[in-house]
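Encoded as structure tokens, the structure appears first; notes follow it.
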């Protein structure tokens, strides 16, 4: 057996490479699965990956992984050498995915140094052997449903013409003539429209009824029909799917040709991809811990720079040339900082693409048709942050498919296309990245959420005062799940608050919006990076604090007249007709300071999640880029530090605490 | 921009249609006062869409429509008809007119119809 995983570089490389290979393999399988036939390049690639895994696993003496990879390699070797052989690609895909899951879970165990499942591979090996035998005797060919790529459905449409458009019968005739290009087996009522002008009145009164078969999607057909002049409205319904799919199992020769064309096209795409891979050789991979170290060093440089430039020894000196050079140094440091930052930025593509697998598995299991769409997957996020995104996204996608999307029949009755859509969208906005997980399912049920919240006693304000948003956002509270059925994938009621915790831990925020029967959108706001922020330094007594610039709206000296004190003694300030609560830092943390009166100090208005509060401090020191350091362990262990997101070093060497704006918003004012 | 050829014997109608279309972002690249001129202008300007009055002296809109469809089987022609011309409209549709608008029409009838026809296959 392999040695312990303790940073051993060979083992580290094995874990890294095998993980990459299994991910690559999964991608290939998922890409080719729908084509019902592996392309030559896919077969070669799978073969190559299995071969690599076999080799390195054997090297590391994980013989059971090696023999599993070896069997899979055998299978693909046979397919590769007998290109004319018939096989069931869907079955093989399942088998390879199973194989891959096993390998990656074992690799994880190796990485985490937990007990390995040495005999777990045996069963899969037997399955692969059987599959190979079946292929050899030709028992395991593709089921004859190639035309499934182009299934045809029956539709019923009622067309309503605009009032006063005249001669509806002739218009209907012209519609049928054009529409016949898109669909088959068309029939309509009333008949005889071109000969009998009386039918115009009938159509005007009852609409024009059309039945037809088509392999186009509901939306496509809807669009085509609405493209017809003078159509005011249509009532398009999908008729029995079952019957249709049976009818079209016999393959027409021309369909076969189509499928072949598609295959050829795909092969071309694959070949292009292979070329792309080769040209990407100028990229090297770097250990993340090295990047982290570099980032830390740059942080130190930033601090050292301000220590030098603001050195007390220089006070009062006329240093023209020094200042100029210092400026140059500053410019270079800022550039370096940007560069290091960009090195750590990783596109969301891989994180998004991981979702293909769960979508595939769930749609198969639950019998739902799901389309996964990505928008802006090239958006880049800090590597450290991306690690925290995988799980929340997985939860959200699972939830969308499991609870959000309806079964195909239900969708059709609701007038939606049978295929549900889950969209993952990402975009940059300022120093934040927004990631949206949307579905076009049934949406959240307000009543259910409220009832559940009441039952679990987690209502945080009176029901009547709650906005829709408040209600929807309760799903993020711990222990909340309205779904009665716990399925294999979700519904244990831990999902959403895990999402919330994960995102909060990286300084982000989560909100949910929903429209009943139209879908749900979960929005995650995530900082681009957590390492260096623009901060405003303030002082209270002899303490220094830093507030992230992005949270500050304005700062001002309050006038006495604007200060309001309510009956409970809470202080508030009136700014342009709006009232804001005041949180006095010196009172909050019992800091000694001479500045006690509001009019002597300064108020800083901070905003988060569309809420505002004013923070009272002695003075502003100035704006500065600060390197965020987490609180040292020995402090965190000894006492709970509330309201502090981290700390940083100022130019003069003193420590400044970075205020947690989320806490400032919600803290009870002392 | 969608280019349109307007064929109508009445100068008033030509102007009226032109005004409506240009207001809505169409480009009226030419007009013609009878069928024969319509065919010539069609060949010269190759518009995206033709609006064709049905009743015109010398050569009717239907004859012009047939000729145009002979020249270009994919030509998109929209007929402008008066009330009660069912027989003629039928003949026009059977001869390949894409749609028809009945006078007196509303402005949006013309713009919507032309827009839909122009953007469809």
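Values in this text are rule-based calculations from the coordinates and carry no lab data. As the structure is a prediction and not an experimental result, all values here were calculated from the model. So basically every Cβ, Gly included, is an ideal-geometry build from the backbone, and we count neighbours across all protein chains shown.
Please give the contour-minus-distance gain from residue A:239 to residue A:323: 0.36 nm per residue of separation, less the Cα-Cα distance, rounded to one decimal in nm. Don't jump to the answer; show the numbers that get you there.
Working: separation 84, 0.36 × 84 = 30.24 nm, distance 7.87 nm.
My answer for the length gained is 22.4 nm.
Most exposed first by the Cβ proxy, i.e. fewest other Cβ within 10 Å, how do A:663, A:589 rank? Spell out each step's value before the answer.
Numbers: A:663 13, A:589 16.
Fewest to most other Cβ atoms nearby, the residues stand as A:663, A:589.
On each of the three principal axes of the Cα atoms of the range B:15-100, give max minus min coordinate, whole Å, ordered largest first.
Rounded to whole Å, the extents work out to 32, 28, 24 Å.
Apply the a/c threshold of 1.5 to the C-alpha gyration tensor of the range A:3-137 and tell me whether it is rounded, prolate or oblate. Please list the in-between numbers first.
Working: a/c = 2.22, a/b = 1.81, b/c = 1.23.
Note, shape of the range A:3-137 comes out prolate.
Could you grab the relative contact order for the range A:3-137? Cα pairs under 8 Å, six or more apart, rounded to a whole percent.
Values: 118 pairs, mean separation 41.7, N = 135.
The normalised contact order for the range A:3-137 reaches 31 percent.
So what are the protein assembly as shown's ellipsoid semi-axes, whole angstrom, largest first, if each one is the square root of 5 times an eigenvalue of the alpha-carbon gyration tensor? Display every interim value, and only then the final one.
Details: eigenvalues 715, 366, 152 Å².
Working through the eigenvalues yields semi-axes of 60, 43, 28 Å.
Would you list B:102, B:6, A:433 from fewest to most Cβ contacts within 10 Å?
Values: B:102 19, B:6 27, A:433 24.
Exposure proxy ranking, most exposed first: B:102, A:433, B:6.
With both bridge residues required to lie in the range A:348-527, what share of the DSSP beta bridges run antiparallel, to the nearest 5%? The partial results should precede the final answer.
Numbers: 23 of 30 bridges.
Antiparallel: roughly 75 percent of the beta bridges in the range A:348-527.
Once you have a ≥ b ≥ c as the square roots of the Cα gyration tensor eigenvalues for the range A:303-450, tell me rounded if a/c is under 1.5, and otherwise prolate or oblate according to whether a/b is larger than b/c.
Working: a/c = 4.41, a/b = 3.42, b/c = 1.29.
Prolate, since a/c reaches 1.5 and a/b exceeds b/c.
Could you please rank A:238, B:114, placing first whichever residue has the fewest other Cβ atoms within 10 Å of its Cβ? Show your work: numbers first, answer last.
Details: A:238 22, B:114 26.
Ordered from fewest to most neighbouring Cβ atoms within 10 Å, A:238, B:114 come out as A:238, B:114.
If only Cα atoms are counted, what is the Rg of the range A:532-666, and what is its Dmax, in Å?
Spelled out, the Cα radius of gyration and Dmax of the range A:532-666 are 14.9, 46 Å.
Count, for each residue of A:391-398, the Cβ atoms from other chains sitting within 10 Å of its Cβ, then give me the mean as a whole number.
Numbers: counts 0, 0, 0, 0, 0, 0, 0, 0.
For peptide A:391-398, the averaged partner shielding equals 0.
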